[in-house]
Amino acid sequence: MRLLKKKIALAKELQLKNEQRMAFLKENCNIVSPLPSPRHNQLKEAQKKKTLIINTITEPSRAIKNVVKNFGRAICNFASSKLAIPYLEKFILKEGIQLDDFIQYVRKMKSKILGLSHFRSLLLQEKNENPTITTFKRLFRAISEIFIKYFSVNWIFDSKVQYKQAHLRSRFKILRRIQNPELFTYFQIDHGKQELEVNQNN
């Protein structure tokens with residue numbers, strides 16, 4: 001019986017020591033927990049500024065990269081839709097081509113518009129080109145002008161395009177390049193103080 005009492009007393013004593021040690025460790029951890037150094041704060045601020053600069057550069061760059069492609073594909077969608085038929089009819093009578101042939105051509109070309117150079121090739125007439133293709137290009141330019149002037153604003157706000165402001169600012173620049181595709185070798189958007197370009201090769 002005396003031996004059992006000793007064991008119980010020892011167990012209680014060990015438990016008490018463990019509790020005291022844990023309390024001591026907790027207090028010490030609270031005391032010595034490191035405060036952020038001034039150098040650490042400076043690094044954090046520098047990182048924030050760097051992220052902000054990267055964001056201001058990449059967002060307009062993405063906007064420019066996609067704006068020409070988006071306009072090109074939107075024009076193809078419009079040209080092959082019922083909305084365009086009343087505008088196309090007078091051109092088709094004048095040019096002497098079939099509406100279905102033109103619509104098939106536009107639908108085929110839509111998937112090939114991946115950037116500025118692809119869109120430009122749909123507008124620019126080449127020497128020694130098939131006369132039918134030349135006619136299709138002439139018709140495509142005419143319907144592109146109609147889309148930009150009368151339908152592009154609705155398309156920008158109703159579509160899922162990102163950077164709607166960039167697309168709005170680009171409307172008349174796109175229109176000028178449609179009217180003069182031989183000069184359509186670059187595209188730029190004024191973004192605050194920044195002017196960004198996309199060369200024809202991109």
Any chance residue 98 is surrounded by 12 or more Cβ atoms within 10 Å (Cβ to Cβ) and either within 20 Å of residue 182 (Cα to Cα) or not aliphatic (A, V, I, L, M) (or both): no
Hits in region 119-158 - residues which are within 22 Å of the chain's Cα centre (by Cα) and either surrounded by fewer than 15 Cβ atoms within 10 Å (Cβ to Cβ) or basic (Lys, Arg) (or both): 120, 153, 154, 157, 158
Every residue from region 101-154 that is in contact (Cβ under 8 Å) with a residue 24 or more places away in the chain, charged (D, E, K, R) and under 17 Å from residue 178 (Cβ atoms): 110, 120, 138, 141, 145, 149
Matching entry among 85, 146, 156 (being modelled with pLDDT of 90 or more and within 13 Å of residue 174 (Cα to Cα)): 146
Test set (1) within 24 Å of residue 169 (Cα to Cα); (2) at pLDDT 70 or above - residue 52 fails condition number: (2)
Selection from region 101-115 of residues that are crowded, with 16+ Cβ neighbours inside 10 Å and under 21 Å from residue 130 (Cα atoms): 102, 103, 105, 106, 109, 110, 113
Condition met for residue 73 (among the basic types (Lys, Arg) and in contact with a Lys or Arg (Cβ under 9 Å, 6 or more places away or on another chain)): yes
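The values are calculated or read from the model by the stated rules, or taken from the named source; none is laboratory data. Quick caveat, the model's predicted, so the values are computed rather than measured. In this analysis, Cβ positions are derived from the backbone assuming ideal geometry, glycine residues included, and neighbour counts consider all displayed protein chains.
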